[in-house]
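J.: One structure, as structure tokens, below. Some questions next.
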Amino acid sequence: MKNGKAKAKIEARKSGTLFFEEYTYSAGKFQPFAAHSHPEYQIGLAVDTCGKYVYRGNRLTVPRMTLSIIHSGVTHQPDKEYFLEQPRRYRMLYISPEDILAAAREIGWRKSDELPYFSDFVIDNSDLMKKFLNLFNQADAASDRLTVDVIQTDFLTLLVKYFSQVKNSTKKLKSDQPAIKKAREYLDANFTEQISLNELAQVAQLSKYHLCRTFHETIGVSPHVYQNHLRLNQAKKLLVQKRSLADVAYELGFYDQSHFGRYFKSFSGVTPRMYSHSAIFS
């Protein structure tokens, strides 16, 4: 097995505004993921072994059967491992900032549009774990909308109320720097377009050199890599709808299907075709 290549399988599905993934890897040689970010909050569960991440400049371990949370837009990377000693399985839930903010407002959040901040990467709480698993299992085509909505609200309320800085938050993400915030919001709104560096620099009111340097220091990746992350996150949502690979590549602004495929595999660990074949839309 030392010379064997690890096999990867991903099952993805969308339910309402939620997006779910389950990753399964066999033991063997493994191509590490590239550093990336998601516009959503990512909540992960290491099912049968520890998870390892590089996040906020630190190497962190997620113990088995505990949850991890990655803030919206923050660059992270599964730790660079080139050989998996044993099979691994992970469950991922992606929740939009709008859903997190709505849950916070339900319980008295008074910080306008400032997103709740989660200072702890690992959350070891049995009640929250049960609600996560319930949501993961119930949010499919077999469950009625009201059932899923109630379970989702129950989970998000507990998550935000006890594990985020809901009141008197003094923490500010680096991405709150005004110029970089403008550039980032412009990319968020126009990520399928061919945006020039001159255009982005004008939006941020910075020189091209200063924009590139400051954006990377603040976000963790360069502007063009950040744009591709936005495209690839959207690609997952289109692939679960069984859209053709050529249409997805074209719609999201990739040069061609081959260009799209290379980026997607480095981002998700499998090809777009494999991802599409395993996806379920509900």
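J.: Chymotrypsin sites (Phe, Trp or Tyr not before Pro), restricted to region 183-282: which are DSSP loop and have at most 15 other Cβ atoms within 10 Å?
T.: On the way: sites: TYR186, PHE191, TYR209, PHE215, TYR226, TYR250, PHE254, TYR255, PHE260, TYR263, PHE264, PHE267, TYR275, PHE281; in loops: PHE191, PHE254, TYR255.
Answer in residue order: TYR255.
J.: Run the helix sum for the chain: -39,500 (n - 2.57) per DSSP H stretch of 4+ residues, divided by residue count, reported at 222 nm to the nearest 500 deg cm²/dmol.
T.: Values: 10 runs with 118 residues, N = 282.
Value at 222 nm, helices only, nearest 500: -13000 deg cm²/dmol.
J.: Roughly how many debye, to the nearest 20, is the charge dipole of the chain about its Cα centre, given +1 on each Lys and Arg Cβ, -1 on each Asp and Glu Cβ, and no other charges?
T.: Rounded to the nearest 20 debye, it is 740 debye.
J.: Going through the cross-link list LYS9/LYS181; LYS131/LYS181; LYS14/LYS52; LYS52/LYS161; LYS161/LYS208; LYS29/LYS182, which pairs have a Cα-Cα distance over 31 Å in this structure?
T.: Where the Cα-Cα span goes over 31 Å, the pairs concerned are LYS9/LYS181; LYS131/LYS181; LYS161/LYS208; LYS29/LYS182.
J.: Here's a follow-up. Would you mind telling me which residue in VAL47, VAL203, VAL221 has the biggest mean-square fluctuation in a Gaussian network model of the chain, where springs connect alpha carbons within a distance under 10 angstrom?
T.: It is VAL203.
J.: For the chain, what is Rg from Cα atoms divided by 2.2 N^0.38 Å, rounded to two decimals? Write down the numbers at each step before the final one.
T.: Details: Rg = 18.9 Å, N = 282, 2.2 N^0.38 = 18.8 Å.
Computed over Cα atoms of the chain, the ratio equals 1.01.
J.: Semi-axes of region 8-163's equivalent ellipsoid from the Cα gyration tensor, sqrt of 5 times each eigenvalue, largest first, rounded to whole Å?
T.: Numbers: eigenvalues 137, 70, 36 Å².
For region 8-163, the semi-axes come out at 26, 19, 13 Å.
J.: What is the P(r) of region 201-282, as percent of Cα-Cα pairs per 10 Å bin from 0?
T.: 18, 42, 24, 15, 2
J.: Hand me the trypsin sites (Lys or Arg not before Pro) from region 1-66 located in a DSSP loop with no more than 10 other Cβ atoms within 10 Å, in residue order please.
T.: LYS2
J.: Only Cα pairs within less than 10 Å get springs; with that Gaussian network setup on the chain, which residue of GLY261, GLY253, GLY57 has the largest fluctuation?
T.: Among GLY261, GLY253, GLY57, the largest mean-square fluctuation in the Gaussian network model of the chain belongs to GLY57.
J.: Please report the net charge: other residues with Cβ closer than 13 Å to the Cβ of GLU40, K and R +1, D and E -1. Could you put the intermediate results ahead of the total?
T.: Working: positive: LYS14, LYS236, LYS237; negative: GLU21, GLU98, ASP99, ASP188.
Taking every other residue near GLU40 into account, the sum is -1.
J.: Lys and Arg at +1, Asp and Glu at -1: add these up for the other residues within a Cβ distance under 13 Å of ARG88 and post the number.
T.: +1
J.: Treat each spin label as a single point 7 Å out from the Cα along the C-beta direction, and report the ASN134 to GLU106 distance in nm.
T.: 1.2 nm
J.: If you don't mind, there's one more thing I want to ask. On a straight-distance basis, which aspartates and glutamates could pair with LYS5 in a cross-link, Cα separation under 17 angstrom, same-chain partners fewer than 8 positions away excluded?
T.: Within the straight-line cut-off, LYS5 pairs with GLU81, GLU85.
J.: With r as the distance between the Cβ atoms of SER196 and LYS52 and R0 = 22 Å, compute the FRET efficiency 1/(1 + (r/R0)^6) and round to 0.05.
T.: 0.05
Bear in mind that the values in this text are calculations on the coordinates, not laboratory data. This structure is a prediction, so every number in the text was calculated from the model and none was measured. All Cβ positions, glycine included, derive from the backbone under ideal geometry; neighbour counts span all protein chains shown.
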